[in-house]
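First comes the structure, then the notes that go with it.
The values are calculated or read from the model by the stated rules, or taken from the named source; none is laboratory data. In this text the structure is predicted, and so the values were computed from the model without any measurement. Because the Cβ atoms are built from the backbone with ideal geometry, glycine has one as well, and the counts that use them run over all protein chains shown.
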Amino acid sequence: MLRDIAERMTELVMDRFAASEARFTLDETRDAETLYQRFAFLRALLDSESFQVALAEVLRRPHTAWEVRGEWVRPGAGLRADSHVLRQLSRGGARTAWEAGPISSLPALMERRQTEATHDTPPNRFVKYALEHWRQVLGDIDRGLSLSEPSPATLRGRREVALVMGQIDEVLHHDLFSMIGPLARFPADDQVLHKREGYRDIFRAYVEFELAARLSWSREADTYGAGQRDVATLYEYWAFIQLADMIAELVGKTFDMTPLLRVHSSGLNVVLRSGVETVLRGEVERNGRLMLVELCFNRTYGAGGALAGSWTRPMRPDYSLHITRAEDERASFEPVVLHFDAKYRVDFVKELFGSDSDLGNEEADGATTTGRLSRGGAVRSDLLKMHAYRDAIRRTAGAYVLYPGGDAELDRRPFTEYHELLPGLGAFVLRPTDMGTASGTMALQRFLTDVFDHVATRLTDHERGRFWLGEVYGRPVATTFGSGLEVPPPETSVLLGYVKSREHWSWIMRRKTYNVRTEERTGGVRSDAALLQSQLLLLYCPELEQLALARIVSDAERISRESMKATGYPKPSSDYWCVQLSFITRADWAADLSASRIARHVGELGLARGAPLRVSWGSLRALSSD
């Protein structure tokens, strides 16, 4: 896990900052467990297949430079004819006679140049420097362990440190390094170290270790401590990096992860710390909807928050995914929030959800009933925490556990409250591997993809439910028309909405949505057309001879043909503008009207059958008296 974090942060450091020097300073007051964990990271780095292959490549095909060396000889010593020799023949200075030669005299001494290959180059000096530096670090760790209280961990650590030091010494005794001098300048800008195979891997390993060594390992409550909590905290940080990379890949853009690095007087530090909020942002477009995606680390949802807070007590999930309207998205929609918690101690999904026979009762002290779990520990309380996140934090549509378990339920679908993906609860395996790609990535990525598609689909029941919750509880709408009025004023604008068939009528009633053609088609309109801002909508279906009166309660949103088909719309032919409706149960307002009469009136105006038409309530009432 530490390797993966260091790799990701190293990419960011090398991309954003030009490091001219990086030195590791060991604090010998650290405890033996912490020193041993640092050694374990360095050993894993040096023993990794990629590093061993890189080192073998450097030893097999070291970087070579060509040096020109000169010596002064008499003209008769034999010289290769080139431009340098010709220039010497014509120069002034001490000369000697050349009897019977083509010229009268020759220089007394001439410089003979030879080009020789050398391996004493900055890239090779850096490789030697890195190996010597790591050996020094191992020596410092060994000295730090020797100052700790004797224990089995200390003795084992010193034995293993000595073994790795011996391996480095064996490499340093290679003939290549015997002819290489010390490194005079840190070659951060050397193109060989950045591009050449073998060298770039060693350079990357050096930067990774330096960055990993600068992670805070103190025993403060909000950072690392040795032992089990240390690994659990590291898993929390590691899972955030993995989640960020997955979402960035789905968004199609790289997250700006510079908020994870802060420049302090002591150098660059990673600021992923418990209790400190970190936010990564990106935009994604799905099904014509442009969404802003925010991945938050340790965001606190305060009690009483009106929009995204907790309505009970403050809560702080490990990670929160906010999906809201992007700045360039014209149509507004209710935000969606998902929460994730990293649980290093969970091994099996059954520990979270139990079996169908479990009643779900928890003891007061957190212990579980006999036979409830496959191993000890009240980890099923994590499921209750997911319920708390989903139920207490406003706008939350789902809460999920990330755990490194080894069970076979990688493809288990999350629990859903209704028939759609959200709202829901669940758990996903996310486990580090030696290969670098986390186990469980595919299942979690597939779920995140489904979430983006779900939020981007305008006509889901989930979106309608969120909209009406906001209407009823969040922002009461002052309605112009309701049961208290006997009849709308004559100047009230009314959109006459044509319904083409029984299936179309059923779709509108079920979705509480009305659609009109986009401007590319005959009879289509723009999204900002005045008729879509009408105060009332009168639906008429000549086939069924039915009418329905409603209010338009949303802006027009463009829905693709594919999305319309997915909602059950009968035979969609292109994209549509859709508006949401609130039906008015006042049958007496339109008692004198008929669907066939309205259809004839539209035809009398010279409009195509089914074309949308905006009229006043007064003219509509006059039509009923004809």
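Observations
- Residues in region 514-528 that are modelled with pLDDT of 80 or more and not aromatic (Phe, Trp, Tyr): 515, 516, 517, 518, 519, 520, 521, 524, 525, 526.
- Filtered residue count, region 497-516, keeping only those that are surrounded by fewer than 20 Cβ atoms within 10 Å (Cβ to Cβ) and in a loop (DSSP other than H, G, I, E, B): 3
- Checking each residue in region 132-178 for being farther than 24 Å from residue 210 by Cβ and among the β-branched types (Val, Ile, Thr) picks out only 154.
- Region 126-144 residues that are part of a helix (DSSP H, G or I), paired with ones that are at pLDDT 90 or above and among the acidic types (Asp, Glu) (beta carbon under 8 Å, 6 or more apart): 135/169
- Scanning region 524-549 for residues that are polar (S, T, N, Q) and assigned to a helix (DSSP H, G or I) turns up just one, 533.
- Count of region 550-594 residues which are assigned to a helix (DSSP H, G or I) and either over 18 Å from residue 492 (Cβ atoms) or of a type in the set (S, T, N, Q) (or both): 6
- The combined condition, being charged (D, E, K, R) and under 29 Å from residue 468 (Cα atoms), is fulfilled by residue 561.
- Listing of strands (runs of 3 or more DSSP E) fully contained in region 224-314 that carry 3 or more residues being at pLDDT below 80, more than 21 Å from residue 342 (Cα to Cα) and in the same structural domain as residue 445 (by TED's automatic domain parsing): 261-264, 267-270
- Candidate set: region 597-626, residues that are under 53 Å from the mean Cα position of the chain (by Cα) and among the basic types (Lys, Arg); chosen: the one modelled with the lowest pLDDT: 609
- Residue count, region 157-174 (criterion: assigned to a helix (DSSP H, G or I) and at pLDDT 90 or above): 11
- Residue 597, sole failed condition from (1) in a loop (DSSP other than H, G, I, E, B); (2) over 24 Å from residue 457 (Cβ atoms): (1)
- On the stretch given as region 413-461, residues that are more than 18 Å from the chain's Cα centre (by Cα), β-branched (Val, Ile, Thr) and outside any loop (DSSP other than H, G, I, E, B) total 1.
- Given (1) more than 23 Å from residue 401 (Cα to Cα); (2) crowded, with 18+ Cβ neighbours inside 10 Å; (3) modelled with pLDDT under 75, index of the condition residue 219 fails: (2)
- Residue satisfying all of: in region 424-451; more than 17 Å from residue 341 (Cβ to Cβ) and touching a helix residue (DSSP H, G or I) at 6+ places or on another chain (Cβ under 8 Å); surrounded by the fewest Cβ atoms within 10 Å (Cβ to Cβ) among these: 436
- The condition of being farther than 16 Å from residue 206 by Cα and assigned by TED's automatic domain parsing to the domain that holds residue 201 holds for only one of 131, 147, 138, that being 147.
- Flag for residue 547 being in contact with a Phe, Trp or Tyr (Cβ under 6 Å, 6 or more places away or on another chain) and modelled with pLDDT of 90 or more: yes
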